[in-house]
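Q: Can you read through this structure? Questions will come right after.
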Amino acid sequence: MNLTFESDTHTYKLDGVVIPSVTQVMKPLSDALYKSVDENILGVAAHRGSIVHESIEDYLNHGIDDIQPEYKGYLDAFKAFEHDYPFEVVGVEMRTYHELLRYAGTVDLLCRIDGKLILIDYKTSARINEMLTGVQLEAYASSLASNGIVIDDKAILHLKDNGKYTLKWYGKRSSESIAVFGACLTIYNHIMKFKEE
């Protein structure tokens, strides 16, 4: 199967057919947290996250050590993580899809630490929201597993502007998180069914 991604519209297509992203599927959860937050604030946070993600990708793939000065602390935090947890890169900004459930997403980092296959997602927000992150990680892990890639653990790497980081481990599998994602996917598909009629 062929997965493509159109960055302008943030659209995934599997063999030419549009499929939802993990973010789209999880919208009921993110709305519960962020619907009342000013859109300008969310826009600034999204912009910051994009710049940091792109800089880490350039750093890991091409050895480019460059980022706008106001975001340097986040890249320094990633380097501190790299120093503390030497890892072997398996995939960076790795697009994945679920073979059966037909959703897609992009894994920030798939790597080996001490011989274990670890799925890592970066966050640059002020704090980690566990209601979202556990479900997001589980959705990525499940999509990888549907393609024969079984992880040993997953984690959120919380990068901070002062050059420090925290690493929160989520374990190999969470039945609650995958059940929540499945419920969100059912709701998404139900809405789309009636939109298409």
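Q: Taking Cα atoms, how many degrees apart are the long axis of helix 72-84 and the longest axis of the chain, rounded to 10 and kept between 0 and 90?
A: Roughly 80 degrees between the two axes.
Q: Among DSSP bridges having both ends in the chain, what percentage is antiparallel? Round to the nearest 5. Before the final figure, lay out each step's value.
A: On the way: 25 of 32 bridges.
For the chain, the DSSP antiparallel bridge percentage is about 80.
Q: Counting alpha carbon pairs within less than 8 Å and at least 6 residues apart, what relative contact order, in whole percent, applies to segment 75-173? Write out the running numbers ahead of the final one.
A: On the way: 182 pairs, mean separation 28.9, N = 99.
Relative contact order of segment 75-173: 29 percent.
Q: I would also like to ask the following. So for segment 19-195, taking the charge dipole from beta-carbon charges (+1 Lys/Arg, -1 Asp/Glu), which of VAL135, VAL22, LEU101 sits furthest toward the positive end?
A: Checking the options against the dipole of segment 19-195, the answer is LEU101.
Q: How large is the dipole of segment 1-105 about the Cα centre if only Lys and Arg carry +1 and Asp and Glu carry -1, each at its Cβ, rounded to the nearest 20 debye?
A: Working: 8 positive and 18 negative charges, 96 e Å.
My answer is approximately 460 debye.
Q: Using 0.36 nm times the number of residues separating HIS47 and ASN2, minus their current alpha carbon distance, what extension gain do you get? Show your work: numbers first, answer last.
A: Values: separation 45, 0.36 × 45 = 16.20 nm, distance 2.87 nm.
Full extension of this stretch gives 13.3 nm more.
Q: When the chain is modelled as a GNM with alpha-carbon springs shorter than 10 Å, which of TYR140, TYR34, TYR59 fluctuates the most?
A: TYR34
Q: Let me make sure I get this right: for segment 1-55, a, b and c are the square roots of the gyration tensor eigenvalues over alpha carbons, sorted descending. Under 1.5 in a/c it's rounded, otherwise prolate if a/b > b/c, else oblate. Which is it? Write out the running numbers ahead of the final one.
A: Working: a/c = 3.03, a/b = 1.52, b/c = 1.99.
Oblate, since a/c reaches 1.5 and b/c is not below a/b.
Q: Compute the Cα gyration tensor for segment 19-195, then decide on rounded, prolate or oblate, letting a ≥ b ≥ c be the square roots of its eigenvalues: rounded whenever a/c is under 1.5, prolate when a/b is larger than b/c in the other cases, and oblate in all that remain. Could the numbers behind the result be given before it?
A: Working: a/c = 1.89, a/b = 1.28, b/c = 1.48.
Oblate shape, in that a/c is at least 1.5 and b/c is the bigger or equal ratio.
Q: Mind scanning LYS123/LYS195; LYS123/LYS172; LYS27/LYS195; LYS13/LYS116 and naming the pairs with a C-alpha gap bigger than 28 Å? If you can, show how the numbers build up before the last one.
A: Values: LYS123/LYS195 33 Å; LYS123/LYS172 19 Å; LYS27/LYS195 16 Å; LYS13/LYS116 31 Å.
Long pairs (Cα-Cα over 28 Å): LYS123/LYS195; LYS13/LYS116.
Just so you know, all these numbers are worked out from the coordinates, no wet-lab data involved. Worth saying up front: this structure is predicted, and the values here are computed from it rather than measured. Cβ coordinates were reconstructed from backbone atoms using ideal geometry, including for glycine residues, and neighbour counts include every protein chain displayed.
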